[in-house]
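The values are calculated or read from the model by the stated rules, or taken from the named source; none is laboratory data. Everything numeric here is computed off the predicted structure, so don't read it as measured data. Cβ sites come from the backbone with ideal geometry, for glycine too, and all protein chains shown count toward neighbours.
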Amino acid sequence: MTEDVLAARARIEEQVAGRTLIDALAQTAQTYADDPAYSDKHHAPEGETWRTITWAETRELALDVAAALIAAGVQPGDTVAIMATNRIEHMLADMGAVHAAATPMSIYNTLSVEQVAFIAGESQPKVVVLETQDHLDRWADALGGVSLVVVLDAAAKPDGEEYVDWQTFVERGRTHRADHADDIEQRHAALDPEAPATILYTSGTTGNPKGVVLTHHNVVYEAISTLEAAGLEPGLRQISYLPLAHIAERVLGLYGPQIVGAHSYCIGDPSELLATLGDVHPTAFFGVPRVWEKIKTGISAKLAADPDPANVKMVQDSMAAGLAWVQAQEVGGQMTPEIEAAYKQADEAILGFLKLLLGLDQVTWAGSAAAPMPIEVAKFMAGLGLKVYDVYGMTETCGAVTANGPDAFRLGTVGRATPGMEVKLGEDNEVLVRGPVITPGYHHQEQATRDLIDADGWVHTGDIGTLDEDGFFAIIDRKKELIITSAGKNIAPSNIENYLKESPIVGHAMAIGDGRPYVVAILTLDGEVAPAVAQSMGIEFTDLADLSQKPEIRAMAQDAVDKANAHLSRPEQVKSWELLSQEWTAESAELTPTLKLKRRVVNEKYADVVEGLYADA
């Protein structure tokens, strides 16, 4: 470990020492008492779009929930499972469990009955918090050992003493807290920073999910180091829309705000994101790559539909000025008065207006993670004058372990190691990570833990990376997902897929070729952009399946393949492709809840399509 890493770690450990999330919330509730903490659209006051609670109210309600859990028999270390959309009650249920010295677990809303039963069987939750009838149905086979089910949607609450609606639950807690004031304080005093703060069951691209244990020390260190690396300051306004079972949302929407007092607008349906951006105009915004890709394709489609070439050229010239301005600020770049002047003119002419339309005009920090940001998408956003800071991490590292930020960034990379973390490349250029944010292991899965963390404490991420001379890491692909053709060529499929998705009509793409003589691809249409493009071209169609068969659309898909191939070496080039008649979603099983490909599922589900591509090529 270098002296710089040691010094940075010591500095953050000094801030973290002895602290738990309980301490963090107490301090924030005092410092930012009357500032807004969380907003959502449930039960908003008459005439208002949002309901909002302050940081002081957040802590009081979290304590009421903690008391209700204690009254329900929850003991220190017990697990509390939550399946709900992003809303105030989800945040309070999590914080309340923490204040009862229990271990909250947010569970992905899209998991099947079988997956939920597996998680419940392994983690044995004492109390479960569910939002809707759909969630109750998903837990149908998993409530055997549960002592109490709290239902947020009162209309969905079944009869029976084992079920209670949220309002009644909180009122029970308020009464118990008044009568047993010392219960919570005693648990606070006994809570060790090395105790679990959560167990996150990874969505998984193969097999059953694994429960990643993260301690209070893990999450407080991660939140402080991430806030520092990102240059995030108090007073942020942001949108919480990714699942709270995802580590990025937990750090940015749950843990980080408890330290800096940010204001999070929670939305339960990600399809509302673009509208919410226009309503909230956040100062900080995080998007998985697919979100940034959809913003890019949306703007690209509108440009393509503009009949006035002068308008198109004006936007393209302005975005060239924006890209030059961002690139001049990269490590190794050089800003000049001419670049500054050109960007200012472009921003006043059109870029500022485009950002205003997107609701990104007040953003001072924009981030991306969960998968590498395609360089063309990063450059497109830079063309708007937006620096999207790509970061890298995983659930097992409690989130980011490398990050770009205002002080040092380079497009096409995931940045440098975050303060106090050791990151290096091992055999086969696998990214290895060691430091204070590393999970102590998987819940009740010792062999999986040994496979993850070696004897020297290094996490083997399974990601293949590069490291440049300035200390910036880039992620090439998952080690297990590299394609090795029958000719022995090693190929990164994500590189091919990113080029294919540059077409505005392509929603998702998967390159296939492992053990095969060449690469083929399966494509899907973008369910929003493709129909809009078709309408602008005067193409008549009934639905997405019909549209996928239209000669004009298939010609555009072929053009996407041709343009991708122009960027690729001969072994990487796509020799044959098929455009599917349906989209891929988390619900239809081809994608994880964070919109990453489940390659095994796609290979199995479309085996006949793949075989047909090789037979016809």
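Observations on the structure shown:
- Any hit, segment 548-563, residues being in contact with a Leu (Cβ under 8 Å, 6 or more places away or on another chain), within 30 Å of Ser486 (Cβ to Cβ) and among the β-branched types (Val, Ile, Thr): yes
- The sole residue among Ala7, Ala62, Ala97, Ala66 that is part of a helix (DSSP H, G or I) and surrounded by fewer than 16 Cβ atoms within 10 Å (Cβ to Cβ) is Ala7.
- Any hit, segment 97-114, residues being among the acidic types (Asp, Glu), under 27 Å from Glu194 (Cα atoms) and not assigned by TED's automatic domain parsing to the domain that holds Gly457: no
- Flag not set for Ala320, criterion: modelled with pLDDT of 95 or more, aliphatic (A, V, I, L, M) and crowded, with 21+ Cβ neighbours inside 10 Å.
- Flag if Ala521 is in contact with a helix residue (DSSP H, G or I) (Cβ under 9 Å, 6 or more places away or on another chain) and part of a loop (DSSP other than H, G, I, E, B): no
- Any chance Lys355 is within 20 Å of Val459 (Cβ to Cβ), basic (Lys, Arg) and out of contact with any Pro (no Cβ under 9 Å at 6 or more places or on another chain): no
- A Cβ distance below 6 Å, combined with a sequence gap of six or more or placement on separate chains, defines the contacts here; from segment 143-164, residues that are touching a residue at least 60 places away in the same chain (Cβ under 8 Å) reach residues that are buried (at least 17 other Cβ atoms within 10 Å of the Cβ) and charged (D, E, K, R) in the pairs Ser147/Lys126; Leu152/Glu89; Leu152/Glu131.
- Test: residue in segment 369-378 that is out of contact with any helix residue (DSSP H, G or I) (no Cβ under 7 Å at 6 or more places or on another chain), β-branched (Val, Ile, Thr) and on the phi < 0 side of the Ramachandran plot: yes
- Flag for Gly121 being farther than 21 Å from Ala66 by Cβ, in the same structural domain as Ala100 (by TED's automatic domain parsing) and in a loop (DSSP other than H, G, I, E, B): no
- Test: Gly399 is small (Gly, Ala, Ser) and surrounded by fewer than 21 Cβ atoms within 10 Å (Cβ to Cβ): no
- The listed residue being touching a residue at least 60 places away in the same chain (Cβ under 8 Å) and over 13 Å from Met91 (Cβ atoms), out of Pro257, Pro270, Pro234: Pro234
- For the criterion of being at negative phi, crowded, with 21+ Cβ neighbours inside 10 Å and of a type in the set (D, E, K, R), Glu114 fails.
- Filter pass, Leu500 being closer than 30 Å to Arg19 by Cα and either buried (at least 18 other Cβ atoms within 10 Å of the Cβ) or more than 25 Å from the chain's Cα centre (by Cα) (or both): no
- Taken over segment 27-56, the criterion of being over 27 Å from the mean Cα position of the chain (by Cα) and either assigned to a loop (DSSP other than H, G, I, E, B) or buried (at least 17 other Cβ atoms within 10 Å of the Cβ) (or both) is satisfied by Ala33, Asp34, Pro45, Glu46, Gly47, Glu48.
- Residue, surrounded by the most Cβ atoms within 10 Å (Cβ to Cβ), within segment 543-568, restricted to residues that are charged (D, E, K, R) and touching a helix residue (DSSP H, G or I) at 6+ places or on another chain (Cβ under 8 Å): Lys550
- Scanning segment 293-339 for residues being outside any helix (DSSP H, G or I), more than 29 Å from the chain's Cα centre (by Cα) and small (Gly, Ala, Ser) gives a total of 2.
- The residue list Thr168, Thr198, Thr215 contains one member that is over 30 Å from Glu604 (Cα atoms) and more than 30 Å from the chain's Cα centre (by Cα), which is Thr168.
- Residues of segment 268-287 that turn out to be part of a loop (DSSP other than H, G, I, E, B) and surrounded by fewer than 22 Cβ atoms within 10 Å (Cβ to Cβ), as a count: 4
- Which listed residue, of Val414, Val437, is out of contact with any helix residue (DSSP H, G or I) (no Cβ under 9 Å at 6 or more places or on another chain), closer than 26 Å to Asp470 by Cβ and crowded, with 24+ Cβ neighbours inside 10 Å: Val414
- In segment 492-513, the residues that are of a type outside the set (Lys, Arg) and closer than 19 Å to Leu547 by Cβ: Leu500, Ser503, Pro504, Ile505, Val506, Gly507, His508, Ala509
- Each residue in segment 588-611 was checked for being in contact with a Ser or Thr (Cβ under 6 Å, 6 or more places away or on another chain) and either basic (Lys, Arg) or exposed (fewer than 15 other Cβ atoms within 10 Å of the Cβ) (or both), and 2 pass.
Yes/no per residue for (1) touching a residue at least 40 places away in the same chain (Cβ under 8 Å); (2) over 29 Å from Glu194 (Cα atoms):
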{"site": "Ala403", "(1), (2)": "yes, no"}
{"site": "Arg434", "(1), (2)": "no, no"}
{"site": "Asp456", "(1), (2)": "no, no"}
{"site": "Gly471", "(1), (2)": "yes, yes"}
{"site": "Ser486", "(1), (2)": "no, yes"}
